[in-house]
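The values are calculated or read from the model by the stated rules, or taken from the named source; none is laboratory data. These numbers were taken from a predicted model, which means no experiment stands behind them. FYI the Cβ positions are ideal-geometry reconstructions off the backbone, even for glycines, and counts take in every protein chain you see. The accessibility values were calculated without ligands, DNA or RNA, using every heavy atom of the protein model including side chains. Shrake-Rupley method; radii C 1.70, N 1.55, O 1.52, S 1.80 Å.
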Amino acid sequence: MAGLDTDTQGVLLARVVDAIIPGDALFPSASRVGVSEKLLERGFRTIGPDFAGRLDRALGLTDAASDEAIAAALAAWEARDPAGFEDMLTIVYLSYYEALPVKSAIRALGHDYHDTPQPGGYRMSAFDPANPHENPQHRRGAYVPTDDVRPVDWSALGDLGKRVG
Amino acid sequence: MTIQHAAVDVVIVGAGAGGGITAMTLAERGLRVVCLEQGAWVIDTDRPHASLDWEWTRQAQWALSPNVRRRKSDYPVETDDSKAFMWNAVGGSTNLYTGTWPRYRPSDFRKGTEHGLAPDWPISYEDLVPFWQKADEDYGISGVAGDPAMPPDQTAFPSRPLPRGENGRLNAAALDKLGWHWWPMPTSIIADPYRGRPGCNNSSACFAGCDIGAIGNTAVTHWPRAIAAGAELRTNARVERVETNDAGRAIGASYIDTQTGQRHFQPASVVVVACNGIGTPRLLLMSKSERFPNGLANSSDQVGRNLMHHTLGFVDMWVDAPTESFMGAIATPIICEEFAETDVSRGFVNGITLHFIRQQGAGFQALGAFSNNRAPWGKGHHEHFRRHFGHGMTILVYGDDLPHPDNRITLSETETDSSGLPAAKLDYKPSENDRRLSDWGLERAVDVARALGAFDVKVNNLRDASGHYRPNAWHLLGTARMGKTADMSVVNAWQQSWDVPNLFIIDGSVMTTGGAINPTSTISALSYRAAENLADRFAIAARGASMLA
């Protein structure tokens, strides 16, 4: 597998991203919303020009790999190189959740989630001075005035200033 | 060949919070001011929030760390110890901060008296009160007056609070149940139109700044006034040295036009350095000379030392009730200052505050918000997402870290910026006190999660598998600190260099201690105070005499 050089390789990469985020009755799978292409492009730009090759080597899959083999290869990569795997996963997740069909699916769950936060922003109820969980009615809280600051005895607490890393 | 410019009264290096306030104050008082900024203006429509890929762009080209986004206007920070965040442009890091605006408390200025593990400031809380008020008016601060956890000086806010949202209401109820303090978080984000700026539209994406100008960014709040008053702002102007004469006085700044590579020299009677807690010591160290072999203003060997970031940690929690976690300005719900003062029975000195914040977009939430509690890859992905999305809240635990001389900025020997100037090198390790404070604060945040009946709670103490603490270093403080004596500080109470009296430092690097809250309100108050004093007594500064005399 070397990215999308051939149709076969593209199909395998699509199966890899679908193993990461499969579809269900509401949500599309990752490959259906173009995550494969974005993974390669963003990996190239942020991880390095050899990203497709790294992906290839990290997974070690053949075009004929079974679904089980793909899942096992991903799990092995995650265990062997958590940081590298996390970098790849970050691209996959952010690429997936920016897709319009995915945002539609989120709205179908009942959330007023917008395609973009701007320019429209979100409608929220204005600050309510009559609500005691918005406008505090308690009188809790204290401070030490400047002239009341006094030495504290921390001699029993050990070497508090030691750098510990 | 270097281009020589006409002399001015004051040259300012850096156009962020300190530089913007100083330029505005001095220009409005009639002084001739030039400001040199290595970045450019940020065009609000360039911000990512109106694009479908806004979450990705924010983590790439708009990353908080210069080491990730690697723009030409940035300089690298060589470090394995923290993720140092800053932005180099007109407005500086106010281009992409959360606008969180609490004030320091009186005891923050008296840690030398209180426990001696940090020095007292040479000024007091009371000295800054009128300048906090000026900052509140010019930035446009929203909030509720009357917080019993603070002195009664903040009697009114220019803006009513932003919407509290479910996050604010749920957490307020939990803190009531625990009997702990809470208060609406003051922020530099306006709820209603103010001085030509529109009110916040709750877009949730403040970490990459504000497309509409609702957040108080000095590019919006101060620079238009500074320029109208005659201040000249030169962008893409990367200062490489503050120059001095044989008498040891500053004579101006040498800089490189990053667009052309052309070198310039801007002479001035007074030099103000306002480059943040990393950039300021970097420039002072780069300005070493035969007369100042350890760097400018560094006879005390304090330049670059005592770096403070605050201790940081996150507790993410998910509850059955909807939390609107993807809408609303990120850091605006509430603050808890129940534990902000020292109580040695806890096993440490200094205090912590709890900040209740939101969790942003779907991609970020699927990746586990602030605690890496990500939706698993594979078959369980959507089930996890359905359960967690829109039900999360985060508590950010801020602690007051101790200044330590070995937590410091030096010059990198291996990395350079795009002009070939040495990068900054950052070394930072928490102290035993910092670690105890942070762990204790995270436990209190978990108490809140329990009071809320959260079905999932994850703690991120920002330590890796080996225990190495790598904080998100939003705050860069203390590396050119103010003090009462020249042997243990870099500047005096007027932010005037002890060694070079016509050199002033006006940014967060002068802060003697860090407090347990966000510093921009206090950096701004300090900047007004220093700039007004400089304007009032400019003749003293220009002739290189001490402001203390």
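When the residues of the range B:170-192 are filtered to those that are open to solvent by 10 Å² or more (accessible area, probe 1.4 Å) and closer than 12 Å to B:Ile141 by Cα, which remaining residue is nearest to the other protein chains (Cβ to nearest Cβ)?
Checked the range B:170-192; the qualifying residue nearest to the other protein chains (Cβ to nearest Cβ) is B:Ala191.
Against the conditions (1) closer than 24 Å to A:Tyr122 by Cβ; (2) part of a helix (DSSP H, G or I); (3) more than 9 Å from chain A (Cβ to nearest Cβ), where does B:Phe364 fall short? Just the number, please.
For B:Phe364, the failing item is (3).
Any residue at all in the range B:142-151 that is among the acidic types (Asp, Glu), farther than 22 Å from B:Asp434 by Cβ, touching a residue at least 12 places away in the same chain (Cβ under 8 Å) and surrounded by fewer than 22 Cβ atoms within 10 Å (Cβ to Cβ)?
Start the filter on the range B:142-151 by keeping residues that are among the acidic types (Asp, Glu), which leaves B:147.
If we keep only those that are farther than 22 Å from B:Asp434 by Cβ too, we end up with B:147.
Still in the running and touching a residue at least 12 places away in the same chain (Cβ under 8 Å): B:147.
Then keep just the ones that are surrounded by fewer than 22 Cβ atoms within 10 Å (Cβ to Cβ); that gives none.
Checking the range B:142-151: not a single residue is among the acidic types (Asp, Glu), farther than 22 Å from B:Asp434 by Cβ, touching a residue at least 12 places away in the same chain (Cβ under 8 Å) and surrounded by fewer than 22 Cβ atoms within 10 Å (Cβ to Cβ).
Filter the range B:498-530 down to the residues that are in contact with a Lys or Arg (Cβ under 9 Å, 6 or more places away or on another chain), outside any loop (DSSP other than H, G, I, E, B) and of a type in the set (A, V, I, L, M) and list them by number.
B:Leu503, B:Val510, B:Ala525
Could you please find all residues in the range B:42-56 being more than 7 Å from every other protein chain (Cβ to nearest Cβ) and open to solvent by 50 Å² or more (accessible area, probe 1.4 Å)?
Filtering the range B:42-56 down to residues more than 7 Å from every other protein chain (Cβ to nearest Cβ) leaves B:42-48.
Residues satisfying the conditions are B:Ile43, B:Thr45, B:Asp46.
Quick check on my filter: what residues within the range B:332-349 are more than 9 Å from chain A (Cβ to nearest Cβ) and open to solvent by 10 Å² or more (accessible area, probe 1.4 Å)?
Answer for the range B:332-349, where residues must be more than 9 Å from chain A (Cβ to nearest Cβ) and open to solvent by 10 Å² or more (accessible area, probe 1.4 Å): B:Phe339, B:Ser345, B:Arg346.
Would you mind finding the one in B:Asn460, B:Asn433 that is over 30 Å from B:Asp74 (Cα atoms) and out of contact with any Lys or Arg (no Cβ under 6 Å at 6 or more places or on another chain)?
After applying the criteria, what remains is B:Asn433.
Out of the range B:294-325, which residues are under 30 Å from B:Arg387 (Cα atoms) and in a loop (DSSP other than H, G, I, E, B)?
Taking the range B:294-325 and keeping what is under 30 Å from B:Arg387 (Cα atoms), we get B:312-325.
Residues satisfying the conditions are B:Val319, B:Asp320, B:Ala321, B:Pro322, B:Thr323, B:Glu324, B:Ser325.
Please go through (1) more than 10 Å from chain A (Cβ to nearest Cβ); (2) assigned to a loop (DSSP other than H, G, I, E, B); (3) open to solvent by 40 Å² or more (accessible area, probe 1.4 Å); (4) at pLDDT 95 or above for B:Lys134 and return the number of the only condition it doesn't satisfy.
Condition not satisfied by B:Lys134: (2).
Can you say whether B:Asp427 is within 14 Å of another protein chain (Cβ to nearest Cβ), open to solvent by 20 Å² or more (accessible area, probe 1.4 Å) and closer than 20 Å to B:Asp301 by Cα, as far as the supplied structure shows?
Here the answer is yes, as B:Asp427 does meet what is asked.
Are there any pairs with C-beta distances below 7 angstrom linking a residue in the range B:240-269 that is at positive phi to a residue that is of a type in the set (Lys, Arg), with the two at least 6 apart or on different chains, and if so which?
Hits for this filter: B:Gly248/B:Arg291.
Kindly indicate whether B:Pro293 is away from every other protein chain (no Cβ under 12 Å) and open to solvent by 30 Å² or more (accessible area, probe 1.4 Å).
Judged against the criteria, B:Pro293 is a match.
Pull up the range B:454-510, narrow it to residues that are over 17 Å from B:Leu283 (Cβ atoms) and β-branched (Val, Ile, Thr), then point me to the one that is least open to solvent (accessible area, probe 1.4 Å).
Taking the candidates together, the pick is B:Val457.
For B:Glu78, work out the one condition from (1) open to solvent by 20 Å² or more (accessible area, probe 1.4 Å); (2) within 14 Å of chain A (Cβ to nearest Cβ); (3) of a type in the set (Asp, Glu) it doesn't fulfil.
Single failed check for B:Glu78: (2).
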